[in-house]
Amino acid sequence: MARKSNNKQVTIKSDVEISNEEVSIQPEIAGGNEQAEVTADVPVDHFTNIVLDGKAKKLSPKTDSHVFYEIAIHDEEKELYIRMTGNQGGGLHSKEKILLKDITAVLDVQGDKPFKSSVLKCVFSGQSANNAGFMAACCRGLGLILPTEKSVFLHQLAPDYEQRRDELLSLVDGEIEAK
């Protein structure tokens, strides 16, 4: 493909198959000829280092279904993120990656009082009604929270919450030291 630009011929060559991805054109000047190569910008996955994956029983006593999650280290930020990867039995939810520190910050302020799953809504940008409940199930699976005696839908911090939180957050430190 050729086009006229400032009275000079520009040739665009490509070794890359182009789909619906971003394309950048970078001119190359060699011996007076201008050539531009087309390269596809491939998105980088910063979450390839999964340090923990698990499943947690959903909150409802009417089901034996589970929610699946994984915790991964962001390779540049060196921070832990949690993401719900799926669930049994249906129910839409967000698969966005949530900074684990954001979840523990919400839990830290709950103290000794019982709380609803809805306190976790603030960590999601997605608006699925299931997000907070499914994430609460994940937090139960991680041993951070427990159901209250009054209701299976109310939560309280686990007696060893601070220790479990610190162990989880230290997963990133252990990974950095191992490198």
Answer in debye to the nearest 20: the dipole magnitude of the stretch 84-140 about its Cα centre, from +1 Lys/Arg and -1 Asp/Glu charges placed on Cβ, is 80 debye
Rounded if a/c is under 1.5, else prolate if a/b is larger than b/c, else oblate: which is the stretch 61-179, with a ≥ b ≥ c the root eigenvalues of its Cα gyration tensor? oblate
Can you tell me, using C-alpha contacts under 8 Å and at least 6 residues apart, the relative contact order of the stretch 101-179 as a whole percent? 29 percent
Are any of the pairs K58/K78; K58/K121; K78/K150; K97/K150; K62/K101; K62/K95 more than 28 Å apart by Cα-Cα distance, and if so, which? K58/K78; K78/K150; K97/K150; K62/K101
Please check which bits of the stretch 102-139 a label hung off K150 would reach, taking the label as a point 7 Å along Cα-to-C-beta and the cut-off as backbone N under 12 Å. 113-116
Name the residues whose placed amide hydrogens come within less than 5 Å of the amide hydrogen of A158, ignoring near sequence neighbours (fewer than 5 apart) on the same chain. I145, L146
At a 1.4 Å probe, what is the % contribution of carbon and sulfur to the accessible area of the stretch 111-176? 52 percent
In sequence order, what are the phi-derived ³J(HN,Hα) couplings for the stretch 111-121 according to the Karplus relation 6.51 cos²θ - 1.76 cosθ + 1.60 with θ = phi - 60°, rounded to whole Hz, with x for glycine and proline? x, 8, 7, x, 9, 8, 4, 4, 5, 8, 4
Just the number please: accessible area per residue for the stretch 97-166, 1.4 Å probe, all protein chains included, in Å². 52 Å²
Gain upon complete extension [K78, L99; 0.36 nm per residue less C-alpha separation]: 6.5 nm
Residue (of A105, F153, S94) at the positive-pole extreme of the stretch 73-158, dipole from beta-carbon charges: F153
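The values are calculated or read from the model by the stated rules, or taken from the named source; none is laboratory data. All values derive from a computational prediction rather than experimental measurement. No Cβ is skipped: glycine too gets one built from the backbone with ideal geometry, and neighbour counts run over all protein chains shown. For accessibility, only protein heavy atoms count, side chains too; no ligands or nucleic acids. Shrake-Rupley method; radii C 1.70, N 1.55, O 1.52, S 1.80 Å.
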